[in-house]
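First comes the structure, then the notes that go with it.
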Amino acid sequence: MGVGHGKIIIMGDHFVVYGIPAIVSSIDRKIIAKIEQWNGKGILCDYKGFWKGKNLMQDDKETEWLRNVMNILLNELNLQGKKFYLKLQSSIPVGVGLGSSAAISVAIAKELNEFFELGLNEERICEVAYKAEEFFHGTPSGIDNTIATYGGLLKFEKNLAGGKNRIERMKIEKPIRIVIGNTEKKGNTKELVEAVRERKEANPKEYKEIFAKAKKLVGEAEKALKEGDLRKIGELMNENNALLCKIGVSTAELEELCKIALENKALGAKITGAGGGGCMFALTPEEKVQERVAEAFEKNDYEGIKTKIGV
Ligand code: PMV
């Protein structure tokens with residue numbers, strides 16, 4: 001069985017593409033891949049809730065994206081032409097910034113590694129999944145495939161020179177309750193990252209200041225997390241969200257969700273992932289507040305996902 005973890009970025013989304021550190025946590029949503037023997041041609045695939053009994057190597061609009069991912073993974077792992085039966089199961093909502101694309105690549109890569117006894121370590125799995133992420137996102141930072149591989153709570157820093165990224169496991173005293181608010185609108189990560197790049201190039205002075213602030217916030221958030229200062233983390237999330245609004249990746253719905261969360265006593269609220277739709281999350285360490293915020297989201301017709309970070 002191969003598992004890829006879903007995630008939320010606690011601090012540093014977008015800025016992480018430019019080498020600014022980010023803090024990311026897995027959540028209790030994941031993708032599971034299971035491979036069995038298959039004696040027919042190609043790759044038979046079931047994706048629970050999406051399709052059953054499709055052959056990935058045959059032309060099909062619905063499965064085309066997965067065929068592309070599979071071809072990248074098989075090439076990277078020298079497994080071209082292998083036949084098998086792939087079963088996928090996911091509890092991560094698709095395309096809303098919770099890392100489903102990275103999680104699927106990681107889950108399949110881990111299971112290919114197990115089934116074909118390749119003996120690869122997690123670092124190599126992470127690298128292979130990054131290749132598939134490039135297909136989805138163009139110039140990804142690598143944060144999604146990293147957290148999907150390792151899980152937990154991580155500080156991630158992209159190596160802009162192309163060498164190994166810096167990955168540091170962070171420890172907190174106990175997991176913290178959050179509520180993810182889902183707009184159920186799909187943001188296009190590739191387009192959003194490119195749009196930020198264009199705006200950054202057109203406004204170098206303004207963006208230099210924004211990026212310097214973003215870097216400072218991550219440093220402060222790391223300290224606050226280590227010290228268990230939840231109020232401070234909440235404040236920093238709000239400040240990080242203001243920067244994400246400034247770089248143009250928020251939407252009216254995301255802002256509405258943040259407003260609802262804060263009105264219902266969340267300690268902080270911010271977009272997570274690329275924005276342009278997708279999800280935000282609210283910091284709600286107390287169970288009562290978590291319930292209240294989730295209910296308020298639902299009342300306003302948004303999905304509210306109760307989960308924890310730092311598990
Ligand atoms: O794929 P998403 O929506 O979780 O976005 C990933 C986070 C970004 O920082 C926006 C892009 C990246 O590659 O780090």
Inset, instruction - Would you check if T284 is within 16 Å of the ligand (Cβ to nearest atom) and not basic (K, R)? - result: no
Inset, instruction - Could you grab the pairs with beta carbons closer than 6 Å, sequence gap of 6+ or different chains, first residue in the stretch 87-115 and closer than 20 Å to T139 by Cα and outside any loop (DSSP other than H, G, I, E, B), second one of a type in the set (D, E, K, R) and within 15 Å of the ligand (Cβ to nearest atom)? - result: A102/E133; A102/D144
Inset, instruction - Filter the stretch 112-137 for residues that are within 10 Å of the ligand (Cβ to nearest atom) and open to solvent by less than 10 Å² (accessible area, probe 1.4 Å) and give the result. - result: E133
Legend entry - Given (1) in contact with a strand residue (DSSP E or B) (Cβ under 6 Å, 6 or more places away or on another chain); (2) farther than 22 Å from D144 by Cα, number of the condition E235 does not satisfy: (1)
Legend entry - Residues that are at pLDDT 95 or above and within 22 Å of K232 (Cα to Cα), drawn from the stretch 295-311: K306, T307, K308, I309
Legend entry - Residues (in contact with a Ser or Thr (Cβ under 9 Å, 6 or more places away or on another chain) and surrounded by fewer than 18 Cβ atoms within 10 Å (Cβ to Cβ)) located in the stretch 181-221: K185, K190, E194, R197
Legend entry - Count - residues of the stretch 17-41 that are farther than 30 Å from K226 by Cβ, open to solvent by 20 Å² or more (accessible area, probe 1.4 Å) and in contact with a strand residue (DSSP E or B) (Cβ under 6 Å, 6 or more places away or on another chain): 4
Inset, instruction - Give the number of residues within the stretch 138-180 that are under 26 Å from E303 (Cβ atoms), open to solvent by 10 Å² or more (accessible area, probe 1.4 Å) and assigned to a helix (DSSP H, G or I). - result: 1
Legend entry - Test: residue in the stretch 222-231 that is within 16 Å of the ligand (Cβ to nearest atom), free of Cβ contacts under 8 Å to residues at least 40 places away in the same chain and of a type in the set (A, V, I, L, M): no
Legend entry - Condition met for L267 (more than 12 Å from the ligand (Cβ to nearest atom), farther than 16 Å from V96 by Cα and surrounded by 18 or more Cβ atoms within 10 Å (Cβ to Cβ)): yes
Legend entry - Which listed residue, of I27, I9, is out of contact with any helix residue (DSSP H, G or I) (no Cβ under 9 Å at 6 or more places or on another chain), part of a strand (DSSP E or B), within 16 Å of the ligand (Cβ to nearest atom) and under 22 Å from C279 (Cα atoms): I27
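The values are calculated or read from the model by the stated rules, or taken from the named source; none is laboratory data. Remember, predicted model here, so these are calculated numbers, not experimental data. When we count neighbours, we look across all protein chains shown, and the Cβ atoms used for this are built from the backbone with ideal geometry, even at glycine. All accessible areas refer to the heavy atoms of the entire protein, side chains included, with ligands and DNA or RNA removed. Shrake-Rupley method; radii C 1.70, N 1.55, O 1.52, S 1.80 Å.
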